[in-house]
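For reference, the structure discussed in these notes is given below.
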Amino acid sequence: MENKKMRCGDISVVMEEEQILWMDRKRVTVFALPWSFTKYELTPSRLVISTGLINQKEDEIRLYRIKDVSYSQTIWERMGNVGTIHVISTDATVPEFYLRHVKNARKVKDVLSQAIEVSRRKNGVRTSELMTGAAGTTSEGDEALGPDLAPDLDGNGIDDRLE
């Protein structure tokens, strides 16, 4: 193998491409045809949204950053077997977005949810939720927090009931 001299703009590393789990385009609602310049692509580690014909933009969201996924379908979308998936993430540039008018949206949502869980496990990401009211108590009172969850409103790591 001969050594070629690098030129400006050349890349010498060959990256392994990820398997594509799903891809689609945003569709026209009434006819469910992919007449759009918005493309969606899901791999085991990321979701990519590409938009534009002349000015192109590509947003990439790492799956382990996605917090919530929901599905909706209007009457017009049902007629065309398309739907919309709403995604909430912790990504700084794309905290909330919609995969609009995609074919078989409910199945896509399920595949996306499974891929998110696999990506979280692979990257060692754990999520936790603390469900408290404005005063730091649940709707049933402090006793509902249980022995493992104590109110710590001042953030010093000590149960405020013990101070």
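Within the range 50-59, is there a residue that is open to solvent by less than 80 Å² (accessible area, probe 1.4 Å) and of a type in the set (V, I, T)?
Restricting attention to the range 50-59, the residues satisfying the condition of being open to solvent by less than 80 Å² (accessible area, probe 1.4 Å) are 50-52, 59.
Imposing the further condition that a residue be of a type in the set (V, I, T) reduces the set to 51.
Yes, that holds for at least one residue.
Run down R78, R46, R100, R62 and say which single residue is open to solvent by 80 Å² or more (accessible area, probe 1.4 Å), within 10 Å of the chain's Cα centre (by Cα) and not aromatic (F, W, Y).
Details: R78 fails: within 10 Å of the chain's Cα centre (by Cα); R46 fails: open to solvent by 80 Å² or more (accessible area, probe 1.4 Å); R100 fails: within 10 Å of the chain's Cα centre (by Cα).
Just a single option satisfies the conditions, and that option is R62.
Pairs under 7 Å by beta carbon, first residue closer than 18 Å to R62 by Cβ in the range 91-119, partner in a helix (DSSP H, G or I) and aromatic (F, W, Y), six or more apart or different chains?
Correct list of pairs: S119/Y64.
Please state which of the following conditions A144 fails to meet, knowing it meets all the rest: (1) of a type in the set (A, V, I, L, M, F, W, C); (2) modelled with pLDDT under 95; (3) under 25 Å from I20 (Cα atoms).
(3)
The values are calculated or read from the model by the stated rules, or taken from the named source; none is laboratory data. Since the structure is predicted, the reported quantities are computational estimates derived from the model, not experimental observations. Here the Cβ is made from the backbone with ideal geometry for all residues, glycine too, and neighbour counts use every protein chain on show. Only protein heavy atoms, including side chains, enter the accessible area calculation; ligands, DNA and RNA are left aside. Shrake-Rupley method; radii C 1.70, N 1.55, O 1.52, S 1.80 Å.
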